[in-house]
Amino acid sequence: MDLNSVRPPKYVISVMERLTCHGFEAYMVGGCVRDLIIGRRPFDWDVCTSALPEEVMTLFTRSRPTGLKHGTVTVISQGSTVEVTTFRSDGEYKDHRRPESVLFIGDLKGDLERRDFTINALAMPLSGEILDHFGGRQDIEKKLIRCVGEPEKRFEEDALRMLRAFRFSAVLGFEIEHQTLTAIKIKAHLSGGLAKERVRIELEKTLLSDSPQVISDVIGYGLLRGIVANDMPEADLILLKRLPKNRMLRWAGLCALLLRRGIIDDTEKFLTILRLDSATIQGCTRGCALVSAVSPQDAISWKRLLAANGIETAKCAACAADVLYGRGHMELLRSVLLSGDCCSLKALAVSGDELLKLGFSGTELGKTLSLLLDYVIEHPSNNKKELLLAMVTEIK
Ligand code: ATP
Ligand code: MG
């Protein structure tokens, strides 16, 4: 364990100092403590405190009540934000997702008890000592994801935790502990009621991890039931590792593999159900369709694809091709992009306005521009205004 490689930032320390100076308890808590122990840079820093939300807001003039119902106040400290949450325990859960009510409590242990996994139920005060009531440190050492308390009950309370378990397993390279995994098998059906956006967020974090093949377990355990049809072999999904850690590109690769196995039959529908943004849906759908049967093999074919579909879709197509047919497509596309060769009307040395002046109009103008683009794609060094205008005058 390497507690020294990553340090809590000053803006977090100063929030904790202010709280403790006023007699409140304050701890870094959850994922950031886990990541400090592992030596990873935390994604965000959460603080929990004995101060009530109103007290937090009085102490920090620059703060916003972002989740008052759950006791969370976002404090702006030295230009950054820290979520400060009052110690709380959760009441009855509704819809297998959110507690009906929360109760502010006076002690840290109760707050740690409501957290999902032992590795996320750790707290650290300013002294740097680690407070661990549920064996989280040992589980970090053993690389295990284990529920705090009784797994079946915890998943019944909040079904999203099952997707989080796989997400942490993929991101951290940890195993899911046996009893926790068995409980997922039993409670998987509850995931059907989750907001699809939440499912997508967890799936996307899994997809962007070093082990995107964990998605095969997410599917295999039935956590995407109703969204995808069958099981997906892990060996297929390992191919996603070769793609850049870019959300649109990894979604494109995933869709290409699911389509090939017949696990989805409509990319657009699949991504729409998961509430992806329209740019990603478009890029992936078109990109996958372009290479579903065969992929461009040479630079000129990639240039044509680029000219007709734009950069984002071409990148999706190249990533889909890389996972379907083997490496090399993304590299080829990259070299085309780096060459600076003309692959779009925008980069063509002759513009529509110039053709208008020469007497072209309507579809004739459009057709002539495409002909020129096609010509330049094959003869990149001839993308010169005089040369192209001379050609055009000849056609006219
Ligand atoms: P990340 O690295 O993505 O930030 P994290 O572990 O910090 O992961 P967050 O979603 O930031 O996760 O939540 C912060 C902490 O809140 C978690 O570490 C955990 O203690 C608790 N938590 C979050 N979501 C849940 C949940 N669904 N059930 C129980 N505890 C949760
Ligand atoms: Mg976090």
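The values are calculated or read from the model by the stated rules, or taken from the named source; none is laboratory data. Please read these numbers as outputs of a predicted model, since none were measured by experiment. FYI the Cβ positions are ideal-geometry reconstructions off the backbone, even for glycines, and counts take in every protein chain you see. Note: areas computed on protein heavy atoms with side chains; ligands, DNA, RNA excluded. Shrake-Rupley method; radii C 1.70, N 1.55, O 1.52, S 1.80 Å.
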### Task
Go over the candidates 43, 24 one by one and state the one that is within 16 Å of ligand 2 (Cβ to nearest atom) and either within 29 Å of residue 188 (Cβ to Cβ) or assigned to a loop (DSSP other than H, G, I, E, B) (or both).
43
#### Entry: Residues within the range 46-70 that are within 16 Å of ligand 1 (Cβ to nearest atom) and at pLDDT below 95, tallied
4
### Message
Quick check on the range 353-374: of everything there that is under 40 Å from the mean Cα position of the chain (by Cα) and surrounded by fewer than 16 Cβ atoms within 10 Å (Cβ to Cβ), which residue is farthest from residue 304 (Cα to Cα)?
### Response
366
#### Entry: Unique residue being in contact with a Cys (Cβ under 9 Å, 6 or more places away or on another chain) and open to solvent by 50 Å² or more (accessible area, probe 1.4 Å) when the list is 337, 348, 306
337
### Message
Given (1) under 29 Å from residue 155 (Cα atoms); (2) out of contact with any strand residue (DSSP E or B) (no Cβ under 9 Å at 6 or more places or on another chain); (3) more than 16 Å from ligand 1 (Cβ to nearest atom), identify the lone condition not met by residue 79.
### Response
(1)
### Query
Of all residues in the range 79-106, which are closer than 20 Å to residue 50 by Cα, open to solvent by less than 40 Å² (accessible area, probe 1.4 Å) and small (Gly, Ala, Ser)?
89, 91
### Message
Condition first: within 26 Å of residue 172 (Cα to Cα), of a type in the set (Asp, Glu), open to solvent by 70 Å² or more (accessible area, probe 1.4 Å) and out of contact with any Gly (no Cβ under 8 Å at 6 or more places or on another chain). Can you find one or more residues in the range 128-142 that meet it?
### Response
yes
#### Entry: Hits in the range 39-52 - residues which are of a type outside the set (S, T, N, Q) and buried (at least 17 other Cβ atoms within 10 Å of the Cβ)
42, 45, 46, 47, 48, 51
### Task
Please state which of the following conditions residue 109 fails to meet, knowing it meets all the rest: (1) among the charged types (D, E, K, R); (2) open to solvent by less than 70 Å² (accessible area, probe 1.4 Å); (3) more than 16 Å from ligand 2 (Cβ to nearest atom).
(2)
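Just to confirm my filter: which helices (runs of 4 or more DSSP H) fall fully inside the range 83-175 and include at least 3 residues that are of a type in the set (Ser, Thr, Tyr), under 26 Å from residue 25 (Cβ atoms) and away from ligand 1 (no atom under 13 Å from the Cβ)?
On the way: elements: 108-113, 136-142, 151-157, 160-172.
Result: empty, no element qualifies.
Quick check on the range 28-40: of everything there that is touching a strand residue (DSSP E or B) at 6+ places or on another chain (Cβ under 8 Å) and on the phi < 0 side of the Ramachandran plot, which residue is nearest to ligand 2 (Cβ to nearest atom)? Spell out how you get there, then give the answer.
From the range 28-40, those touching a strand residue (DSSP E or B) at 6+ places or on another chain (Cβ under 8 Å) are 28-34, 36-37; that's our starting set.
Going one step further and asking which of them are on the phi < 0 side of the Ramachandran plot, we end up with 28-29, 31-34, 36-37.
Values: 28: 11, 29: 10, 31: 4, 32: 6, 33: 10, 34: 9, 36: 12, 37: 14 Å.
The residue in question is 31.
Name the residue that is surrounded by the most Cβ atoms within 10 Å (Cβ to Cβ), counting only residues in the range 53-78 that are assigned to a loop (DSSP other than H, G, I, E, B) and not small (Gly, Ala, Ser).
First, pick out the residues of the range 53-78 that are assigned to a loop (DSSP other than H, G, I, E, B): 60-62, 71, 78.
Retained after the next criterion (residues that are not small (Gly, Ala, Ser)): 60-62, 78.
Details: 60: 19, 61: 8, 62: 11, 78: 12.
Per the criteria, the residue is 60.
Considering only the range 301-396, give the helices (runs of 4 or more DSSP H) lying wholly within it that have at least 1 residues that are farther than 28 Å from residue 287 by Cβ.
Numbers: elements: 311-325, 329-339, 352-357, 362-378, 385-395.
Where helices (runs of 4 or more DSSP H) fall fully within the range 301-396 and carry at least 1 residues being farther than 28 Å from residue 287 by Cβ, they are 352-357, 362-378, 385-395.
Among the helices (runs of 4 or more DSSP H) lying completely within the range 187-258, list those that include at least 2 residues that are more than 26 Å from residue 95 (Cα to Cα), in the same structural domain as residue 325 (by TED's automatic domain parsing) and open to solvent by 40 Å² or more (accessible area, probe 1.4 Å).
Working: elements: 196-207, 215-220, 234-237.
Once the helices (runs of 4 or more DSSP H) in the range 187-258 are filtered for at least 2 residues that are more than 26 Å from residue 95 (Cα to Cα), in the same structural domain as residue 325 (by TED's automatic domain parsing) and open to solvent by 40 Å² or more (accessible area, probe 1.4 Å), what remains is 234-237.
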